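Take a look at the structure below.
The values are calculated or read from the model by the stated rules, or taken from the named source; none is laboratory data. Quick caveat: nothing in here was measured; it's all calculated off a predicted structure. For neighbour counting, all protein chains shown are included, and Cβ atoms are generated from backbone atoms with ideal geometry for every residue, glycine included. In case anyone asks, the SASA skips ligands and DNA or RNA and just uses the protein heavy atoms, side chains included. Shrake-Rupley method; radii C 1.70, N 1.55, O 1.52, S 1.80 Å.
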Amino acid sequence: MTLALDPVVRTTVPATLNTRVPLVTGETVEYANLDHAASAPCLAAVRDAVDEFLPWYASVHRGAGFASQVSTKVYERARDALRRFVDARSSDAVIFTRNTTDSLNLLARAVPRHTSVVLFDTEHHAALLPWRGPNVRRIATPRTRLAAVSAVDSALAECPEGPRLVVLTGASNVTGELLPVREIAAVARKHGARVALDGAQLAPHRRISLRELDVDYVAVSGHKLYAPFGAGALVGRADWLRAAAPYLAGGGATKNVTEGGVVWHSGEERHEAGSPNTVGVYALGVACEQLSADWSAVTAHEEELLGRLRRGLAAVPGLSELRLFDDDGDRVGTVSFVVEGYEPGWLAAVLSAEYGIGVRDGAFCAHIATRRLTGGQAALRVSLGLGTTAEHVDRLALALRQITARGARWTYGKPEGRWAPTPDPRAVPSFLR
């Protein structure tokens, strides 16, 4: 199956499609990348755009040379692309960062003192860990979406007077389930609270509109959005960001420096000190434009493959799918599960070494969520994306059935603390030799 986006969106993903990987048995197979939730490969359109831009790469904002002027335009147009991508308000700031973790740490530094923060304890660590202190209320995630809305309502009602912020993921990186963002935002408004959305897992799969969701901030990562060049963004209301101390102290954030002190910029550059990652920012902007060209095709591709995946997994003996909520609801193409009697790390190693399939094992930087859903254990996660095909999905389901029926064909151990084939005859690519 191929994704019918061309010529509007060029969807070839060079890091996975047509890349053949060695197996321990001596053959090679096309790599089945089922780990998009960790890092998505690079879109061909993004790769080509970066290649075209590199000869023009130079310093931004303060260079008089022609290449510097080109780079500055590239950088600022990417800011506009991010604003359109999340349907931001005209007054919203777009601050370029390294990734979602960086963005949410920046926001945590920028909130006013004594801000009450409400969030679920099953958040990804990027959203969970930046918030510390007595004014942070972590809610144990309820088993239904309706109860989740009510829990936020109750927590906000107990907050003291002053600024309030709800931090919320758009889609769980463990289960793929979408949270009721619009409904929680409505509750937040009732209590005069703002909402910060962790969009890392939602943005590659669904259109995000800050206006329609009525949220105040969103954080995204380029490496989740098929632009793995080290850039991310925080988009949202400018007032808290403008009033906060610069995230980093250095050149670019300064308007004037004298012996007597510093005058900082008040706009987005206030939090973008140092020479920026112009190539990464450009790649992120291009990826956002490519994805926005046809969201219906992106969603249809994923929904078809997700249904196929879940039907295939349901036929594997002893397999239990993880879920946060008992009630059914929308979800992106991420599924985590355990297989009774099999250690997830061992299964992941066998899938890679004998079938050429890449999945994720562990607790997925959401330890509380994963261990609660598994009873304290690790899990396996399969995540789909633009480079996923029906053959990849079917290969995984068949592999799991074969492994549970007859075991592995190779021997495995933990020579460096993780399961791996022993011995491992697979040759690394030539550029690593």
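Peptides 220-228, 384-392 ranked from most to least packed by the mean count of surrounding Cβ atoms within 10 Å: 220-228, 384-392. A straight Cα-to-Cα reach below 20 Å connects Lys73 with the aspartates and glutamates Asp48, Asp51, Glu52, Asp92, Glu268, Glu269, Glu272, Glu289, residues fewer than 8 places away in its own chain not being considered. For the chain, give the percent of accessible area contributed by carbon and sulfur heavy atoms, probe 1.4 Å, rounded to a whole number. That fraction is 52 percent.
A Cβ-based charge dipole, computed about the Cα centre of the range 288-412 with Lys and Arg at +1 and Asp and Glu at -1, lands at about 560 debye. Please give the helix 390-406 orientation as an angle from the longest Cα principal axis of the chain, in degrees from 0 to 90, rounded to the nearest 10. The two axes meet at around 50 degrees. With the largest listed first and rounded to whole Å, the semi-axes of the equivalent ellipsoid of the range 240-290 from the Cα gyration tensor are 27, 12, 7. The listed peptides 209-218, 62-71, ordered by packing as a protection proxy, come out as 209-218, 62-71 (highest mean of other Cβ atoms within 10 Å first). Between the Cα long axis of helix 145-157 and the first principal axis of the chain there is an angle of about 30°, rounded to the nearest 10. Rolling a 1.4 Å probe across the protein heavy atoms gives the range 151-226 an accessible surface of 28 Å² per residue. Taking a sphere under 12 Å around the Cβ of Leu82 and counting the other residues whose Cβ falls inside, with K and R at +1 and D and E at -1, yields a net charge of -2.
Taking Cα atoms, how many degrees apart are the long axis of helix 344-355 and the longest axis of the chain, rounded to 10 and kept between 0 and 90? With both axes taken from Cα atoms, the answer is about 70 degrees. Values (i) 21.8; (ii) 24.6; (iii) 23.0 are given for comparison; Kirkwood radius over Cα pairs in Å, derived from the coordinates here, is the one labelled (iii). When you count the other C-beta atoms within 10 angstrom of each residue and take the mean per peptide, 258-270, 73-85 line up highest first as 73-85, 258-270. Over all projection directions, the Cα-based convex hull of the range 321-371 averages an area of 4.5 nm². Legend: P(r) of the range 259-337 from all alpha carbon pair distances, 10 Å bins from 0, whole percents, reading 12, 25, 20, 20, 14, 6, 2, 0. Net charge dipole, the chain: roughly 620 debye, given to the nearest 20, about the Cα centre with Cβ charges of +1 for Lys and Arg and -1 for Asp and Glu. Toward the positive end of the charge dipole of the range 302-407, with +1 on the Cβ of Lys and Arg and -1 on the Cβ of Asp and Glu, the farthest Cα among Gly345, Thr389, Thr374 is that of Gly345. For Lys224, the aspartates and glutamates whose Cα falls under 13 Å of its own Cα, not counting residues fewer than eight places away in the same chain, are Asp35, Asp198. The alpha carbons of the range 184-307 stretch over 64, 41, 18 Å along the principal axes, in descending order.
Taking the DSSP beta bridges with both ends in the chain, the antiparallel portion is around 60 percent. Our summary gives the chain a relative contact order of 23 percent, counting only alpha carbon pairs under 8 angstrom and 6 or more residues apart. Taking the DSSP bridge list for the range 194-311 and keeping only pairs wholly inside it, about 75 percent are antiparallel.
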